[in-house]
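Please treat every number below as a calculation from the coordinates, not as lab data. Since this is a predicted model, take the numbers as computed values, not measurements. Note: ideal-geometry Cβ built from the backbone for every residue, glycine included; neighbour counts use all protein chains shown.
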Amino acid sequence: MKEFASLCLKNKKAINQYLQLKNRSDFSITDIVNYMPNILSFENKRAYFKKEVQRIQKSAQHDEVSLNLRRGQIFPDAYSNLNYRKGDIKGKLRIRFEGEEGIDAGGVTRDFYIELSRQMFNPDYSLFKLCSNGVSHYVAQNSFINPDHLQYLAFAGRMIGKALFDGHYMDCYFAKPLYKMILGEDLTFGDLEDLDNEFYRGLKWMIDEDVENASLVFAVDREFFGKYEEIDLIPNGRNIAVTNENKLKYIEHRVHFFLYGMVREQIDAFLTGFHQLIPKELIRVFNHKELELLISGLPNFDRKFTQDLTF
């Protein structure tokens with residue numbers, strides 16, 4: 001089996017070109033998805049994804065979803081219109097903007113998804129924060145100041161899933177850890193770098209330096225409505241000192257808490273909303289870089305580039 005896998009990896013370009021030829025019904029891409037998805041190009045993965053979404057769409061009757069929206073209030077208006085429908089938003093969208101006579105022939109729906117994704121990052125909703133790289137966003141730790149933050153985050157996840165379901169791009173770029181959690185990939189120390197570079201450099205400093213006199217323990221202080229609480233990173237962590245021998249374990253737990261532990265409810269709400277539309281086993285054919293492309297695309301996308309793209 002190892003020899004066969006190695007042979008496929010060496011010839012993955014030829015295999016992907018073969019799969020893109022028309023009338024190749026004698027070969028199932030599903031087998032490759034199940035056993036060796038890493039040899040597939042992004043273009044073939046995306047084709048497989050679209051085919052599976054179409055199969056889901058045809059498997060049941062989905063009612064059309066009509067929305068009457070104000071352009072300046074797309075996010076709250078869509079939330080009010082769609083939140084009560086729970087998972088039943090797989091039907092075709094019919095968008096009408098207040099004061100506009102345009103018929104939705106595709107362009108209006110495209111505008112809806114683009115503007116919706118931009119508005120959900122509005123600081124007034126306190127749902128997402130801009131990362132230190134100045135480009136991507138991550139779930140905000142203090143989103144709880146919005147009393148409906150979990151419902152809004154679940155809605156944001158659902159609408160990103162809905163955009164994928166409908167084949168539309170969104171104008172939103174997230175930090176790597178969020179893409180990885182959508183896919184069920186393990187989080188790593190390097191995932192912290194673009195999200196909070198100062199914190200990343202501080203932890204990286206610990207790897208090569210003496211921390212015996214740093215007075216650190218396996219616990220962190222967290223602020224909640226002006227009050228601080230001490231949270232153990234491991235059982236009884238507040239009474240366990242960080243030493244040169246266990247500092248890598250401390251960094252591992254510190255990173256996991258920063259990326260997930262302190263925003264667990266928010267992340268879980270977002271993921272629950274997303275997977276109401278997109279099954280976990282379907283989206284996991286992609287890696288985190290490909291998922292970003294699938295959700296947001298790239299300007300002036302070059303078709304040959306995507307065909308060769310395997311990361």
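Net charge near ILE160, counting Lys/Arg +1 and Asp/Glu -1 over other residues with Cβ under 12 Å of its Cβ?
-1
Charged side chains reduced to their Cβ positions (Lys and Arg at +1, Asp and Glu at -1) give the stretch 189-259 a dipole of some 200 debye around its Cα centre. For the pair TYR173 and ASP124, the difference between a 0.36 nm per residue extended length and the Cα-Cα distance amounts to 15.8 nm. Each label point was placed 7 Å from the Cα along the Cα-to-Cβ direction; for THR272 and ALA241 their separation is 4.3 nm. Kindly flag which residue pairs out of LYS162/LYS247; LYS92/LYS280; LYS45/LYS176; LYS58/LYS176 have an alpha-carbon separation exceeding 31 Å in this structure. As for pairs spanning more than 31 Å Cα to Cα, those are LYS162/LYS247; LYS58/LYS176. Note on GLU230 and LEU248: the extension gain reaches 4.4 nm, defined as 0.36 nm multiplied by sequence separation minus the Cα-Cα distance. Inter-part distance, the stretch 122-182 to the stretch 48-73, computed on C-alpha centroids, equals 20 Å.
Between PHE199 and LYS58, the simple label model (points 7 Å from Cα in the Cβ direction) yields a spacing of 4.6 nm. Applying 1/(1 + (r/R0)^6) with R0 = 25 Å to the Cβ-Cβ distance of ALA214 and ASP186 gives a FRET efficiency near 0.40.
Going by neighbour counts of Cβ atoms within 10 Å, the residues LYS129, LYS204, LYS162 line up, fewest first, as LYS204, LYS129, LYS162. Taking packing as the residue-averaged number of other Cβ atoms within 10 angstrom, the listed peptides 133-145, 109-121 run from highest to lowest as 109-121, 133-145.
Shape class of the stretch 189-259 from the Cα gyration tensor (axes a ≥ b ≥ c, square roots of the eigenvalues): oblate, since a/c reaches 1.5 or more and a/b does not exceed b/c.
Approximating the spin labels as points 7 Å out from Cα along Cα→Cβ, the VAL135-to-GLN151 distance works out to 3.6 nm.
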